[in-house]
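The block underneath contains the structure these notes are about, expressed in structure tokens.
The values are calculated or read from the model by the stated rules, or taken from the named source; none is laboratory data. Since we're looking at a predicted model, the values are computed, not measured. Glycine gets a Cβ as well: all are built from the backbone with ideal geometry, and neighbour counts include every protein chain shown. Only protein heavy atoms, including side chains, enter the accessible area calculation; ligands, DNA and RNA are left aside. Shrake-Rupley method; radii C 1.70, N 1.55, O 1.52, S 1.80 Å.
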Amino acid sequence: MTALRIWWLVRRHEHATSRVPTLLAVIAFAVTTAAALVAGAGYLAFAERARHVDPSDALAVDAATTYTVLAILACVFMTVPIITLGGIAARLAIARRDERLAAMRLAGATSGQVTVMTLAEAASQALTGAALGTLAYAALLVPLAQIPFDGRPFSVDDLWIGVPWILAALVTVLLLALVSGASSLRQVVVSPLGVARRVTPAPLRLIRVGIAIVALLAWPIAFNNAPHLGIVIVLAVLVAAIASINVIGPWIMMILGRMVASTAQSPRTLLAARRVIDDPKSAWRATSAIGLAVLLAALSGIAAALSGSDSPQMPHLSADLATGTTITLIIVMTLAATSSGAVQAAKVFDQRAQYRALAYAGVEPRTILRVRRREVMLPLAGTILLIGGFASLLILPLGMANDPLVIVRFAAGVIAAVTLMLAGLAASRGLVRASMRIG
């Protein structure tokens, strides 16, 4: 019997609960693809409009360049959550796979069969999600074409990204899933018994802090010297500053977990803190997309505060800034909401053996649910504090750190973040109870 035939039979006869990670992975891949296509289409539409500007009209060229740069900036803010959700989708695609494939290896399946089954499953989920995401992007073209920028809306043809870019997105999603699937094969193929091994991960290095500090200090320097450096370098520094959040984030989670564990007054708090310490990267993944949404909410206050700053050459700039940041914020919040639900579900499947062991030890499901709530809210609190500091440092060169609109938008982002995290927790309660069910 061929490996693909075995994979298909396993997929057909698996339990309904086992299909949850598959469904979540497909949804995550779909949202990732749709968001990436919308972001790319927006930039290409502005770039195409700029190419049709009369080169002899300096004012028109400046306006077109400004809008193109703003489109690039929006893509920059969406890049990190898109990549994060793509990684989460790939992680979900391999959820529950290690133990099943290890069992097949012990039952006599060859390494080649295991490899083919893993890659086939990863590819099917990625392609299904990417196809659905492409359909979602196509469905959004008409409503997006109704939104005016610079006094006139784009047409559907302007926002159609084209078949080559769509194929590139499909291939990128497929490669992401295949690489993640192949990386998960090492311990199964080499030693199927090693899947059950649990080791304490090495602590994160302090060099992460140094990298983040350098990236942050470079931003105000680049911003203040923008006329000499050029817009490309300034944007590159901004991208590095935003990306450095993902570098220092896991380290902050580890330190925060240690601080809480050392002062914990209850077993539930201690257990939650220990879980964060054992896997700070996972704790950061659960909140990073939401944290970036909070950061973007604070930065969107700048656009609101700039109302009335229009010039005769760009009379719609302030309104377009508000519209653009709102669209970007909606996309990032959608990515964050999907990430929140997907991460919480993925963590349940990753820790299901521990939940079952705790159930056999007599721990009640409501106790575990309380631990999970603290395990989630602890990194979220650290993320909000970290993002607040980053937002202040990014906005400081603009002289708007104390602007009421910025503060209000930041507060609204915090409220939305807490709501999304609690919603993700609530959605995975059933999975926790199912994992702890005995018999």
_Anything in region 392-428 that is at pLDDT below 80, under 30 Å from PRO21 (Cβ atoms) and either open to solvent by 70 Å² or more (accessible area, probe 1.4 Å) or basic (Lys, Arg) (or both)? List them, or say none._
LEU422, ALA427
_Matching entry among ALA345, ALA336 (being of a type in the set (Gly, Ala, Ser), at pLDDT 80 or above and open to solvent by less than 10 Å² (accessible area, probe 1.4 Å))_ = ALA336
*Spot the failing condition for PRO21; the list is (1) surrounded by fewer than 23 Cβ atoms within 10 Å (Cβ to Cβ); (2) part of a helix (DSSP H, G or I), and only one is missed.*
(1)
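Residues checked against (1) out of contact with any His (no Cβ under 7 Å at 6 or more places or on another chain); (2) loosely packed, with under 15 Cβ neighbours inside 10 Å; (3) at pLDDT below 75:
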| residue | (1), (2), (3) |
| --- | --- |
| GLY162 | yes, yes, no |
| ALA169 | yes, no, no |
| LEU185 | yes, no, yes |
| LEU204 | yes, no, yes |
| TRP219 | yes, no, no |
| HIS228 | yes, yes, no |
*Filter result (open to solvent by 30 Å² or more (accessible area, probe 1.4 Å), of a type in the set (A, V, I, L, M, F, W, C) and in contact (Cβ under 8 Å) with a residue 40 or more places away in the chain) within region 237-279*: VAL239, ALA243, TRP251, ILE252, LEU256, VAL260, LEU271
_Selection from region 300-323 of residues that are open to solvent by 20 Å² or more (accessible area, probe 1.4 Å), assigned to a helix (DSSP H, G or I) and at pLDDT 70 or above_ = LEU317, ALA319, LEU321, ALA322, THR323
*Within region 348-368, track down each residue that is open to solvent by 10 Å² or more (accessible area, probe 1.4 Å), assigned to a helix (DSSP H, G or I) and among the hydrophobic types (A, V, I, L, M, F, W, C).*
ALA353, ALA357, LEU358, ALA359
*asked:* I'd like the full set of residues that are in contact (Cβ under 8 Å) with a residue 60 or more places away in the chain and of a type in the set (A, V, I, L, M), limited to region 330-352.
replied: ILE331, VAL332, MET333, LEU335, ALA336, ALA337, ALA342, VAL343, ALA345, ALA346, VAL348
_Out of ARG285, ARG258, ARG275, I need the residue that is within 19 Å of THR383 (Cα to Cα), modelled with pLDDT under 80, among the basic types (Lys, Arg) and assigned to a helix (DSSP H, G or I). Which one?_
ARG285
*Of all residues in region 43-59, how many are touching a residue at least 24 places away in the same chain (Cβ under 8 Å) and open to solvent by 20 Å² or more (accessible area, probe 1.4 Å)?*
6
